[in-house]
1. Mind listing whichever residues of the stretch 28-45 are closer than 21 Å to Q93 by Cβ, free of Cβ contacts under 8 Å to residues at least 40 places away in the same chain, open to solvent by 90 Å² or more (accessible area, probe 1.4 Å) and not aliphatic (A, V, I, L, M)?
2. Which of the residues spanning the stretch 125-154 are under 35 Å from the mean Cα position of the chain (by Cα) and not hydrophobic (A, V, I, L, M, F, W, C)?
3. Does A106 satisfy the condition of being in contact with a Leu (Cβ under 9 Å, 6 or more places away or on another chain), loosely packed, with under 11 Cβ neighbours inside 10 Å and without any contact (Cβ under 8 Å) to a residue 60 or more places away in the chain?
4. Here are E166, E120: which of them is within 23 Å of the chain's Cα centre (by Cα) and farther than 30 Å from F94 by Cα?
5. Out of I76, I67, I114, which single residue is assigned to a strand (DSSP E or B) and surrounded by fewer than 12 Cβ atoms within 10 Å (Cβ to Cβ)?
6. From the list T159, T169, T123, T116, exactly one residue is among the polar types (S, T, N, Q) and closer than 28 Å to T1 by Cα. Which is it?
7. Restricted to the stretch 118-143, and to residues that are more than 30 Å from S104 (Cα to Cα) and assigned to a strand (DSSP E or B), which residue is most open to solvent (accessible area, probe 1.4 Å)?
Amino acid sequence: TTISVEKVWDDDDNHDNLRPDSITVEMLRKTQLSAGDYEPVIDVNTGEPVTLTITPTVVEEEVDGEIVEKEVWKGIFYQVPVVDAQGNRYLYQFRDTVTGYTCSSAEDAQGNIILTNTHENETVLIKGEKQWLMPDGADLSDEAVALMPESIRVHLYRTGASGEEEFVTTLTVRP
């Protein structure tokens, strides 16, 4: 039988630029009757663990009436045994290791494996202070203070992975 594997990235569109150019998925198995852990499947010809290297394919899809490019990470394990020599059914798990990510695995309704790599984006603490000064740099007069708004809105932007400015949030600041 064949087993299709798809990689999904939960990392805010590669915000921290950690995604590799390819991933290596390792196949693990145990029999249905086994209470033990899943173990790597060893290729009988090479003596090496059975792995699948997946690189992304760029596809176009329509989103909100516009054509956008999207990376799709898919691969297929071929000629996967269903049972062992005694007729015991195999259970399979799949894993990959990508630095900075945690990996979870699920099976969809068609039996395809979905590996999700999750990365919590790095955060920074941003502090600021609004100073109200007269045009000559002096402290505000009482009359000027009376004219100040009750609050101001601060719009926070960042430079995204594409180099474009991206809106992050708006804060309302009160004295």
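1. D37, E39
2. Within the stretch 125-154, K127, G128, E129, R153 meet the criteria.
3. On the way: in contact with a Leu (Cβ under 9 Å, 6 or more places away or on another chain): yes; loosely packed, with under 11 Cβ neighbours inside 10 Å: yes; without any contact (Cβ under 8 Å) to a residue 60 or more places away in the chain: yes.
Yes; evaluated as a whole, the condition is true for this residue.
4. Numbers: E120 fails: farther than 30 Å from F94 by Cα.
Of the residues listed, the single one that is within 23 Å of the chain's Cα centre (by Cα) and farther than 30 Å from F94 by Cα is E166.
5. On the way: I76 fails: surrounded by fewer than 12 Cβ atoms within 10 Å (Cβ to Cβ); I114 fails: surrounded by fewer than 12 Cβ atoms within 10 Å (Cβ to Cβ).
Every option except I67 fails the conditions.
6. Details: T159 fails: closer than 28 Å to T1 by Cα; T169 fails: closer than 28 Å to T1 by Cα; T123 fails: closer than 28 Å to T1 by Cα.
Only one candidate qualifies: T116.
7. First, pick out the residues of the stretch 118-143 that are more than 30 Å from S104 (Cα to Cα): 126-143.
Checking the rest, the ones that are also assigned to a strand (DSSP E or B) come to 133, 139.
Numbers: L133: 89, D139: 125 Å².
Filtering the stretch 118-143 for residues that are more than 30 Å from S104 (Cα to Cα) and assigned to a strand (DSSP E or B), the one most open to solvent (accessible area, probe 1.4 Å) comes out as D139.
To keep it simple, each residue is scored yes or no on (1) closer than 21 Å to W9 by Cβ; (2) out of contact with any His (no Cβ under 9 Å at 6 or more places or on another chain); (3) of a type in the set (A, V, I, L, M, F, W, C).
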position	(1), (2), (3)
A35	no, yes, yes
D43	no, yes, no
V50	no, yes, yes
T55	yes, yes, no
V72	yes, yes, yes
G87	no, yes, no
T116	yes, yes, no
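The values are calculated or read from the model by the stated rules, or taken from the named source; none is laboratory data. These figures come from a predicted structure and were not determined experimentally. Glycine also receives a Cβ, built like all others from the backbone with ideal geometry; neighbour counts cover every protein chain displayed. Protein only, heavy atoms only, side chains kept; ligands, DNA and RNA dropped before computing areas. Shrake-Rupley method; radii C 1.70, N 1.55, O 1.52, S 1.80 Å.
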